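Structure, as structure tokens:
The values are calculated or read from the model by the stated rules, or taken from the named source; none is laboratory data. Bear in mind that the values here come from a model prediction, so they are computed numbers and not experimental data. Here Cβ is always computed from backbone atoms with ideal geometry, including for glycine, and neighbour counts include all displayed protein chains. Accessible surface areas use protein heavy atoms only, side chains included; no ligands, DNA or RNA. Shrake-Rupley method; radii C 1.70, N 1.55, O 1.52, S 1.80 Å.
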Amino acid sequence: KTCLLVRFKDGAFLAGSFISTVGIDFRNKVLNVDGVKVKLQIWDTAGQERFRSVTHAYYRDAHALLLLYDVTNKASFDNIRAWLSEIHEYAQQDVVLMLLGNKADASHDRSVRREEGERLAKEFGVPFMETSARSGLNVELAFTAIAKELKHRSMKEPDEPKFKLHEYVNKEMKTAGCCRS
Ligand SMILES: Nc1nc2c(ncn2[C@@H]2O[C@H](COP(=O)(O)OP(=O)(O)OP(=O)(O)O)[C@@H](O)[C@H]2O)c(=O)[nH]1
């Protein structure tokens, strides 16, 4: 999670970093979305179980949640169902969700296939993409898509058609041949 956020914020990869997030941390980034400045305040939660009660407190105020698993770690993928039920319990009902399978670059160590991620995302009706903090694959796209959805929700003109996050993500992935850094 931290590496993905640092890649998005600073365009760099923290190679060999083993510093676990303690509790919660945040970073801001301003994006230009269709000529409008959108300020994203992105909270980076600790994945470790012992910080769970701290992170719960932040779900309620989140407008969007990015759920990450590690494609080289099957347990992290299996945990997604548990995270989703936590989200249903603690987050706002209309929170924007996206599922990301990170470390897509690590092809030799992969233990979760892209199709498995796609299937899970479909089951829960959330947009999905694989990302890589190392190569930058789809990182900008994931955050930009969320920013577009949030901008649309807060500034929508009465006659403006609804922004469709799913469709936007699918279209962008197709245009880029599924992968872009
Ligand atoms: N190959 C590869 N390694 C990655 C990628 N993203 C992160 N890593 C490595 O995975 C390890 C953990 O990354 P972090 O970003 O610190 O993980 P985290 O989810 O923030 O961890 P916690 O704070 O403990 O919950 C580090 O050794 C990173 O170098 C990636 O896209 N590709």
Problem set entry | FRET efficiency, 1/(1 + (r/R0)^6) with R0 35 Å, evaluated for Val95 and Asp159 via beta carbons | 0.85
Exercise. Rounded if a/c is under 1.5, else prolate if a/b is larger than b/c, else oblate: which is the stretch 87-134, with a ≥ b ≥ c the root eigenvalues of its Cα gyration tensor?
Worked result: prolate
For this session: Grab the DSSP H runs of the chain that are 4 residues or longer, score each as -39,500 (n - 2.57), total them, divide by all residues and round the 222 nm result to the nearest 500 deg cm²/dmol.
Result: -12000 deg cm²/dmol
For this session: Residues in the stretch 92-107, backbone N under 16 Å from the label point at Glu123 (7 Å along the Cα-to-beta-carbon vector): list them, ranges by number please.
Result: 99-101
Seminar exercise, completed: Taking every other residue with Cβ under 10 Å from the Cβ of Asp25 and scoring Lys and Arg +1, Asp and Glu -1, one gets +1
Problem set entry | Shape of the stretch 88-181, Cα gyration tensor, a/c cut at 1.5 | prolate
For this session: Just grab the label-to-label distance for Lys174 and Arg113, each label 7 Å out from Cα along the Cβ direction, in nm (one decimal).
Result: 2.3
For this session: Please go through the residue pairs Lys29/Lys103; Lys1/Lys164; Lys74/Lys151; Lys37/Lys162; Lys29/Lys162 and name each one whose alpha carbons sit more than 31 Å apart in this structure.
Result: Lys74/Lys151
For this session: Give the calculated FRET efficiency between His166 and Leu14 to the nearest 0.05, with a Förster radius of 35 Å applied to their Cβ-Cβ distance.
Result: 0.70
Problem set entry | Charge dipole (the chain, unit charges on Cβ, about Cα centre) - positive-most of Ala91, Ile24, Ala57 | Ile24
Seminar exercise, completed: Counting only residues 5 or more apart in sequence or on a different chain, those whose built amide H sits under 5 Å from that of Val96 are Ala64, Leu65
Problem set entry | Rounded accessible area per residue of the chain, 1.4 Å, Å² | 58
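Once you have a ≥ b ≥ c as the square roots of the Cα gyration tensor eigenvalues for the chain, tell me rounded if a/c is under 1.5, and otherwise prolate or oblate according to whether a/b is larger than b/c.
Numbers: a/c = 1.35, a/b = 1.19, b/c = 1.13.
Taking the square roots of the gyration eigenvalues as a ≥ b ≥ c, the chain is rounded.
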